[in-house]
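**Q** Here it is, the structure in full.
Taken together, the values in this text are just the output of simple stated rules run on the coordinates, not laboratory data. As the structure is a prediction and not an experimental result, all values here were calculated from the model. Note: ideal-geometry Cβ built from the backbone for every residue, glycine included; neighbour counts use all protein chains shown.
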Amino acid sequence: MTILVTGGAGFIGSNFVLDWLRQSDEPVVNLDALTYAGNLENLAALQGDARHVFVKGDIGDRALVDRLLAEHRPRAVVHFAAESHVDRSIHGPGAFMKTNVEGTFTLLEASRAYWGALADDARAAFRFHHVSTDEVYGSLKPEDPPFAETHPYEPNSPYSASKAASDHLVRAWHHTYGLPVVTTNCSNNYGPYHFPEKLIPLMIVNALAGKPLPVYGDGQQIRDWLYVTDHCSGIRAVLAGGRVGETYNIGGWNEKANIDIVKTVCALLDELRPSADGPYARLITYVKDRPGHDRRYAIDARKIERELGWRPAETFETGIRKTVQWYLDHPEWVARVQSGAYREWLDKQYG
Ligand code: NAD
Ligand code: TYD
């Protein structure tokens, strides 16, 4: 048996592939276009490992996807590939429509053709696992209950709108064609290999470089945070036992305001790598808010716990300590992802 993973050189995808092959010998075919966010260095530990087949290519390339499905005969497609950064989606939404909407459509069509021609047993066992986000549900008020799977879709950014569109396509391919899909909607992840354009790794690498720590608006926006390997174990649980056609919310029961996240990162760095210039919190700088900035996300993860017994293994305290330590231990990884293209992005976004 084999699984086909898309986007397996990105932050969550690479953690998933590494984690998968730590727990099982089932091979992974990894299709990734290696955009700015894809990094084969994340998978260096798998070099020479026959269980991992990396293919550089686009999920929107139908001929390529058809060929990979025919050649490797996967029992499941686990679909991570996406443009994933809200701020980039505000500057340039086109790539988000192309990959997240059209790319998912192509992957669904290729999967449908492949699945439809399988023998009965294999057809019944096949899964298309779509990895999505809590951002499709929109923004919560302080007193609102957390997002359950039944919450209406109210995406507010080009990124979340494109992910919502892809969720709808996945749903329709199940209802109309019977494709055996499962969808997971997860909260904000953090952990190793997180590209330093996102809040937590950006704060770590900027602090270590003595650069400002840009906090959007008043810093009181709330996200639910989940350590990335807990997301991976949630996906494995849903892939193994989730009911076909269902969606499962995955979250860490960790609602935190951005400013508190930044202060926690600063305090950990003060402890683990103190700066001669004084506490890192001196670098906190409030900057112009993100347009259309969602105020609060929170996940009700009771369904996945009730049906599949999944709960996160890490608390925020254990997960953030591991994360800060990982960045301290991997300065060469950070230096290499901070390529020319990444520096251009920083100039565009932060001036
Ligand atoms: P990422 O940006 O770090 O990685 C995305 C990967 O997809 C990269 O390796 C990139 O090269 C690849 N890719 C992009 N376009 C492609 C294309 N057209 N064809 C093939 N590969 C392509 O993203 P991430 O943070 O790892 O997120 C992975 C998935 O999880 C996304 O679908 C995202 O919406 C979802 N998600 C992310 C979070 C989070 O906090 N990061 C939370 C919930 C859900
Ligand atoms: P981000 O990591 O981009 O994830 P998302 O927008 O998908 O939730 O941002 C997390 C939160 O941190 C979000 O409320 C925006 C905020 N943020 C800042 O305050 N400063 C920054 O430089 C970045 C990148 C994000």
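**Q** Given the options Val238, Val170, Val215, Val181, name the one that is crowded, with 20+ Cβ neighbours inside 10 Å, of a type in the set (A, V, I, L, M, F, W, C) and within 12 Å of ligand 1 (Cβ to nearest atom). Working first, answer last.
**A** Working: Val238 fails: within 12 Å of ligand 1 (Cβ to nearest atom); Val215 fails: within 12 Å of ligand 1 (Cβ to nearest atom); Val181 fails: within 12 Å of ligand 1 (Cβ to nearest atom).
One residue alone meets the criteria, Val170.
**Q** Also: Are any residues in region 16-49 among the hydrophobic types (A, V, I, L, M, F, W, C) and either under 17 Å from the mean Cα position of the chain (by Cα) or surrounded by fewer than 18 Cβ atoms within 10 Å (Cβ to Cβ) (or both), and if so, which ones?
**A** Looking only at region 16-49, we keep the residues that are among the hydrophobic types (A, V, I, L, M, F, W, C), and these are 16-18, 20-21, 28-29, 31, 33-34, 37, 40, 43-46.
Within region 16-49, Phe16, Val17, Leu18, Trp20, Leu31, Ala33, Leu34, Ala37, Leu40, Leu43, Ala44, Ala45 qualify.
**Q** Looking at region 1-56, which of the residues that are of a type in the set (Asp, Glu) and touching a Lys or Arg at 6+ places or on another chain (Cβ under 7 Å) is nearest to Ser233 (Cα to Cα)?
**A** Pass one, region 1-56, residues of a type in the set (Asp, Glu): 19, 25-26, 32, 41, 49.
Now restrict to residues that are touching a Lys or Arg at 6+ places or on another chain (Cβ under 7 Å): 25, 32, 41.
Numbers: Asp25: 16, Asp32: 21, Glu41: 22 Å.
Taking the candidates together, the pick is Asp25.
Yes/no per residue for (1) within 14 Å of Thr183 (Cβ to Cβ); (2) near ligand 2 (Cβ under 9 Å from one of its atoms):
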site: Ile200; (1), (2): no, yes
site: Pro214; (1), (2): no, yes
site: Asp218; (1), (2): no, no
site: Arg236; (1), (2): no, no
site: Glu246; (1), (2): yes, no
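**Q** Mind listing whichever residues of region 169-216 are aliphatic (A, V, I, L, M), farther than 21 Å from Asp270 by Cα and touching a strand residue (DSSP E or B) at 6+ places or on another chain (Cβ under 7 Å)?
**A** Val170, Leu179, Val181, Val182
**Q** Might you check whether a residue that is within 20 Å of Pro192 (Cα to Cα), among the charged types (D, E, K, R) and in contact with a helix residue (DSSP H, G or I) (Cβ under 8 Å, 6 or more places away or on another chain) occurs anywhere in region 327-348? If you could, list the steps in order and put the result at the bottom.
**A** Keep residues of region 327-348 that are within 20 Å of Pro192 (Cα to Cα), which gives 327-339, 342.
Now narrow it down to the ones that are among the charged types (D, E, K, R): 329, 332, 336.
Now drop any that are not in contact with a helix residue (DSSP H, G or I) (Cβ under 8 Å, 6 or more places away or on another chain), which leaves 336.
So far as region 327-348 goes, yes, one or more of its residues are within 20 Å of Pro192 (Cα to Cα), among the charged types (D, E, K, R) and in contact with a helix residue (DSSP H, G or I) (Cβ under 8 Å, 6 or more places away or on another chain).
**Q** Given the options His52, His79, name the one that is surrounded by 14 or more Cβ atoms within 10 Å (Cβ to Cβ) and either within 16 Å of ligand 2 (Cβ to nearest atom) or under 24 Å from Asp121 (Cβ atoms) (or both). So that I can check it myself, show each step before the final result.
**A** Working: His52 fails: either within 16 Å of ligand 2 (Cβ to nearest atom) or under 24 Å from Asp121 (Cβ atoms) (or both).
Only one candidate passes the filter, namely His79.
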